[in-house]
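The values are calculated or read from the model by the stated rules, or taken from the named source; none is laboratory data. The model shown is predicted, which means the values in this text are computed figures rather than measured ones. All Cβ positions, glycine included, derive from the backbone under ideal geometry; neighbour counts span all protein chains shown. Side chains included, ligands, DNA and RNA excluded: accessible areas come from the protein's heavy atoms. Shrake-Rupley method; radii C 1.70, N 1.55, O 1.52, S 1.80 Å.
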Amino acid sequence: MNPKSGLCAGLLFFLVTPVFAEVYRNVDSYGNVTYSDEPSEGSETVEVKPVTTITLPKPEVVQETDKLREEVQREGAAYESVSFAYPDNNQAFHSGSGDVQFEVRSTPGLQPGHKYEVTLDGQPVGQSSSGSIIVNNVFRGTHEARAHIVDENGVQVKTGSPITFTVHRPSALN
């Protein structure tokens with residue numbers, strides 16, 4: 001290997017190797033905590049874990065294809081409806097533990113690979129192929145729930161009308 005190649009390889013290795021800087025934690029006599037990249041008397045080394053970063057694609061690159069839209073419409077068209085059998089819309093009930101059992105039904109029944117999904121206040125809380133989903137520790141108050149049918153890829157192909165219900169729980173102060 002000639003000297004130029006060795007020098008280039010060494011520089012390349014140095015540039016590719018990640019830089020690890022030490023972080024030091026120091027507590028002064030008043031209890032104030034400071035962090036620094038330089039050691040001081042009484043400081044201790046802190047292990048800093050690497051930061052995970054994710055680079056998202058640009059919005060113009062992530063566009064739903066016509067083929068995917070057609071497939072979702074075709075799968076969703078196979079169902080006339082999806083709705084809650086329980087709880088009823090505007091129902092209020094007591095639940096000491098905050099557990100709420102949802103019963104979902106569709107016309108016709110689920111196709112192979114499809115599942116019912118329940119969202120509570122806009123967030124998915126469970127999926128089931130049987131139609132029975134229990135959500136634990138629902139906070140007291142009024143909530144909105146929606147029933148969906150999702151395919152094997154988790155894509156919502158049919159969505160039902162939302163329902164509102166109220167959970168009464170014992171006071172946290174008692």
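Computed values, structure above
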item	result
Test for Gln91: is it touching a residue at least 24 places away in the same chain (Cβ under 8 Å), loosely packed, with under 12 Cβ neighbours inside 10 Å and not acidic (Asp, Glu)	no
Hey, Gly42 assigned to a loop (DSSP other than H, G, I, E, B), at pLDDT 90 or above and open to solvent by less than 90 Å² (accessible area, probe 1.4 Å) or not	no
Complete set of residues in region 153-174 that are surrounded by fewer than 11 Cβ atoms within 10 Å (Cβ to Cβ) and either farther than 18 Å from Gly98 by Cα or among the basic types (Lys, Arg) (or both)	Asn153, Gly154
Inter-residue pairs, beta-carbon under 7 Å, first closer than 17 Å to Ala78 by Cα and in region 104-130, second surrounded by fewer than 18 Cβ atoms within 10 Å (Cβ to Cβ) and among the acidic types (Asp, Glu), 6+ apart	Thr107/Glu80; Gly113/Asp151; Gly113/Glu152; His114/Asp151
Test: residue in region 73-89 that is small (Gly, Ala, Ser) and assigned to a helix (DSSP H, G or I)	yes
Criterion: part of a strand (DSSP E or B), touching a residue at least 24 places away in the same chain (Cβ under 8 Å), open to solvent by 90 Å² or more (accessible area, probe 1.4 Å) and of a type in the set (Val, Ile, Thr) - qualifying residue of Ile149, Ile134	Ile134
Subset of region 94-104 (residues that are outside any strand (DSSP E or B) and open to solvent by 40 Å² or more (accessible area, probe 1.4 Å))	Gly96, Ser97, Asp99
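Table: residues versus (1) within 24 Å of Glu70 (Cβ to Cβ); (2) β-branched (Val, Ile, Thr); (3) part of a loop (DSSP other than H, G, I, E, B).
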position	(1), (2), (3)
Pro112	yes, no, yes
Glu117	yes, no, no
Gly126	no, no, no
Lys158	yes, no, no
